[in-house]
Amino acid sequence: MINESFKSHILALQAGALLDAETYTWLIDTARVDSDLRDWLCDQASALRDQVYGRRVFFRGLIEFSNFCANDCYYCGIRAGNTAVNRYRLSDGDILASCQTGYELGYRTFVLQSGEDPFYTDDKMIEIITAIRTTYPDCAITLSLGEKDKASYQRFFDAGANRYLLRHESATPEHYAMLHPAELDLINRKRCLYDLKEIGFQTGAGFMVGPPGQTSTHLANDLIFLRELQPHMVGIGPFMPASNTPFAHEKPGTVEDTLVMVALTRLTLPQALIPATTALGSLDHKGREKGLKAGANVVMPNLTPTTNRKDYSLYDGKICTGDEAAECRVCIENRIRSVGFDIDLSRGDHATYNP
Ligand code: SAH
């Protein structure tokens, strides 16, 4: 009975039905405890990804260019209040050298991620974006710098940035407030996401699975918010505790719950670009492979210079902190092939993108 009801809801979702929060909650609660249904769910999501994008997995070269942060998110290892962090900023030359390494490895998307670092004024960011845009006209530039005014986002876009990642973190205001200090609020976070979409960025939202206080109803609300926003990308990873943060001693999220959310996100947004995240690979040595098998289709190998990588420590136990970029490329490529996927080194734009 449960099986039939579960499968009929999933088939309806796949056919475009708009599920309500209660139904999503029931699906999440059912799949997280039933491994057969979970496997079936992941297979459905994987088959849908195959229909839209095939078996191709897109590569994004990640450059973590500053770990200074003005914010104090309770979960995050590089929060302002963590005095144990060894803070760094890459020079413009280091950023461009990281792009060069990535370009030689075949990557055609660079993701510039940092804490919310006031050192990088809009003018400074525009200098960096312009330099990358001029040197690599064939590459996509993705930014992940946090919350800004619409005018700043517009200037970044005009300078040549194409995409922006800003996870919404939690679409339920009370839960958002359990994860962030009072200065940060969900209304502004959502405002940023809608502004980014309006400007024309391929926009990424997303959330962690299993941070303190999260219920399956919150996760259902995340899916409903994603359906409203229609982002181009969705980042989903397990919460992982980080030392010297208020959540240092909390339990991590689980692989199973994360896979359920990846699969339900694929079924809700068939055309989304969904990474098999580093956090999932850090929780389980086959986590990224499992993510691909649950409907993900992007990987984000690290291009940050190895000397700085261990200091961009969002959570404890982050993988790939010692590997050279070329080793990351080979390792990820082997993992992708091992589960029957092909590597795709094109820019990997969203299915609806028209240049
Ligand atoms: N400052 C940027 C980048 C943040 S780091 C911004 O605000 O968007 C990128 C993502 O890492 C965050 O959005 C968060 O969802 C995730 N993250 C941070 N701390 C984490 C933790 N302890 N466990 C798992 N993921 C974490």
### Message
Which order do the peptides 175-182, 221-228 come out in when sorted by mean C-beta neighbours inside 10 angstrom, highest first?
### Response
221-228, 175-182
### Task
Would you order Ser346, Ser8 from fewest to most other beta-carbon atoms within 10 Å of each residue's own beta-carbon?
Ser8, Ser346
### Task
Taking the Cα centre of the range 178-279 as origin, sum charge times position over the Cβ atoms of Lys and Arg (+1) and Asp and Glu (-1), and report the length of that vector in debye to the nearest 20.
160
### Task
With unit charges on the beta carbon (Lys/Arg positive, Asp/Glu negative), name the residue among Ala294, Pro238, Leu269 whose Cα is farthest towards the positive pole of the charge dipole of the range 201-311.
Ala294
## Note on the structure
Unpartnered Cys in the chain, judged by a 4.7 Å Cβ-Cβ cut-off, are Cys42, Cys69, Cys99, Cys139, Cys192, Cys320, Cys328, Cys331
#### Entry: Relative packing of peptides 17-23, 330-336 - highest average C-beta neighbours within 10 Å first
330-336, 17-23
### Query
At q = 0.07, 0.11 Å⁻¹, what base-10 log of I(q)/I(0) does the Debye formula yield for the chain when every alpha carbon is treated as an equal point scatterer in vacuo?
-0.26, -0.69
### Task
Kindly flag which residue pairs out of Lys7/Lys286; Lys286/Lys318; Lys148/Lys197; Lys124/Lys148; Lys150/Lys197 have an alpha-carbon separation exceeding 18 Å in this structure.
Lys7/Lys286
### Relative contact order (percent, whole number), the chain, Cα cutoff 8 Å, 6+ residue spacing
25
### Summary
In nm, the gap between the two label points placed 7 Å beyond Cα toward Cβ at Asp158 and Asp50 is 4.7
### Inverse mean reciprocal Cα-Cα distance (Kirkwood Rh) of the range 132-210, Å
13.4
### Query
Looking only at Ala171, Ala151, Ala325, which one moves most when the chain is put into a Gaussian network model with springs between Cα atoms under 10 Å?
Ala151
### Task
With a Förster radius of 35 Å, plug the Cβ-Cβ distance of Arg87 and Glu228 into 1/(1 + (r/R0)^6) and report the FRET value to the nearest 0.05.
0.40
### Query
Using the Cα gyration tensor of the range 159-248, with a ≥ b ≥ c the square roots of its eigenvalues, what is the shape: rounded (a/c below 1.5), prolate (a/b larger than b/c) or oblate (neither)?
prolate
## Note on the structure
Mean Cβ-within-10 Å packing, highest first, puts peptides 138-147, 123-132 in the order 138-147, 123-132
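Using a Förster radius of 30 Å, what is the FRET efficiency between Asp149 and Gln271 based on their Cβ-Cβ separation? Nearest 0.05, please. Spell out each step's value before the answer.
Working: r = 29 Å, r/R0 = 0.96.
That pair, Asp149 with Gln271, gives E of 0.55.
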### Query
Which residue, chosen from Ser152, Gly322, His218, occupies the Cα position most advanced towards the positive end of the dipole of the chain, where the dipole is computed from +1 (Lys, Arg) and -1 (Asp, Glu) charges on Cβ about the Cα centre?
Gly322
### Query
Mean separation of Cα pairs under 8 Å and 6+ residues apart, divided by the residue count of the range 142-205: what relative contact order is that in percent?
45
## Note on the structure
Taking Cα atoms only, helix 35-53 is inclined relative to the longest principal axis of the chain by an angle, in degrees rounded to 10, of 60
### Query
Per the helix-only calculation at 222 nm, which mean residue ellipticity applies to the chain, given -39500 (n - 2.57) for every DSSP H run of n ≥ 4 and division by its residues, nearest 500 deg cm²/dmol?
-14000 deg cm²/dmol
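Readers should treat all values here as calculations from the given coordinates under stated rules, not as data from a laboratory. Bear in mind that the values here come from a model prediction, so they are computed numbers and not experimental data. Counting neighbours? That spans all protein chains shown, and the Cβs are built from the backbone with ideal geometry, glycine included.
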